1. Once the dipole of the chain is set up with Lys and Arg at +1 and Asp and Glu at -1 on Cβ about the Cα centre, which of ALA209, LEU124, GLN6 lies farthest towards its positive end?
2. Between ARG126 and ARG193, how high is the FRET efficiency from 1/(1 + (r/R0)^6) when r is the Cβ-Cβ distance and R₀ = 41 Å? Nearest 0.05.
3. Under a Cβ-only charge scheme (Lys and Arg +1, Asp and Glu -1), can you give me the dipole magnitude of region 14-112 about the Cα centre, in debye to the nearest 20?
4. By how many degrees, between 0 and 90 and to the nearest 10, does the Cα long axis of helix 248-265 differ from the longest principal axis of the chain?
5. Based only on other Cβ atoms within 10 Å, what is the fewest-to-most ordering of TRP42, TRP195?
6. Mean residue ellipticity at 222 nm from the helices of the chain, using -39,500 (n - 2.57) per DSSP H segment of n ≥ 4 over the full residue count, to the nearest 500 deg cm²/dmol?
7. Can you compute the charge dipole magnitude of the chain about its Cα centre, using +1 on each Lys and Arg Cβ and -1 on each Asp and Glu Cβ, nothing else charged? Give it in debye, rounded to the nearest 20.
8. Where Rh is the Kirkwood radius over the Cα pairs of region 138-224, the temperature 10 °C and the viscosity 1.306 mPa s, what D in µm²/s does Stokes-Einstein return?
Amino acid sequence: MNSTSQEPFDDRSLPSYLRAVGLAAPGARLDVEPAGDGNINWVRRARDPATGASWIVKQARPALERFPQYRASTERIVFEERWFRVAQRVDARGVCPRIVRFDEERRALVLEDLGDAERLDHALARGAEATGALRAVAALLGAVHAATRDDPSLAPRFRNDEMQRLHGEHVFVLPFAANDFPLEPPLRARAERVWRDDGLRAIADAAYARYLEPRGALVHGDVQAGNVLLAPPAAKLLDAEIAHVGDPAFDVGILLAHVVLPGLARDERARSAALACETWQVYASACAVAGAAEPAFADVARYAGIEVLRRTIGAARVAAVARTDVALAAVDLGCELARRPPASPDELAARLVRGPA
């Protein structure tokens, strides 16, 4: 369902709303500023300078905020709130942000303000210690996947088809078809080999079909490092607008891809390999504790390889592959993981350290 009576907020009307719903005191003067990247939803920080209280307000609108050429149901924020509610039941480490208020009619989600907490991708890019954050996120994913595995009641409540397909096109289709994304000549030449590779495209197509199947477990759908903040007690996982019932291997594969890419950029393959292995082990242990089997590691690794390609020659290139030599190495790694996914984390680590065959 799409809200037909939705009133969009703006920087002038948001303080009135927060006062009207009782979050801010009557007559309080609030400062409003953009928060985060705001790629999908309208996102603002509202702060009461007199008391120090502050909130993050997200509002879903038919056109995506940063990419208005794309439109999707505003119900995506309903699914996000539902994912947080389900995840909070098994969130022993406090990885989910605190929900302050949800206004389904206005398609508005008010969350705790995490201030200037650093993003995980930025921390990994500078080589900071991020083991605790990755362990916390991996443990939450394992607990959520185990708690929701094969639950027939969830698929009808998470029919997030528009966002799932929009995201899926960017992950599984655009990186494997000729495009005009700004790629430097050596990288474009390498990308053209990917685009001409019918076998690799068939692998991506099969992975896409599996990603779309409404069975498996409740997945977050976008566990990239940019959606993780280093905030007490260890990390906060944000932005569950793509939440749906599907393949749990997808969530873990996306996360591992974003662990591996900074290691390529910093020429710290062994370190990133160890971090990826530990992240997987924490996830698998969380599944086991809850009495559920983890997905096959080869499926996880294949999704990771596809995400590496997406982040290198697709529409969402990341800073880690800004250097051409790193980007070329990432394409080689992504292709190898997609074609011949390792069956174990130890095999993944070995391949990362030695480089693509």
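1. Positive-end residue among those listed: LEU124.
2. Working: r = 32 Å, r/R0 = 0.79.
With a Förster radius of 41 Å, E is 0.80.
3. 60 debye
4. 70 degrees
5. Values: TRP42 19, TRP195 16.
The fewest-first ordering by Cβ neighbours comes to TRP195, TRP42.
6. Details: 12 runs with 160 residues, N = 357.
Using -39500 (n - 2.57) per qualifying helix, the result is -14500 deg cm²/dmol.
7. Numbers: 46 positive and 49 negative charges, 22 e Å.
Roughly 100 debye for the chain.
8. Working: Rh = 15.1 Å.
Calculated translational D: 105 µm²/s.
A short reminder: the numbers here are calculations on the coordinates, not readings from a lab. All of these numbers come straight from a predicted model, not from anything done at the bench. Neighbour counts are summed over all protein chains in view; Cβ atoms, including those assigned to glycine, are modelled from backbone coordinates with ideal geometry.
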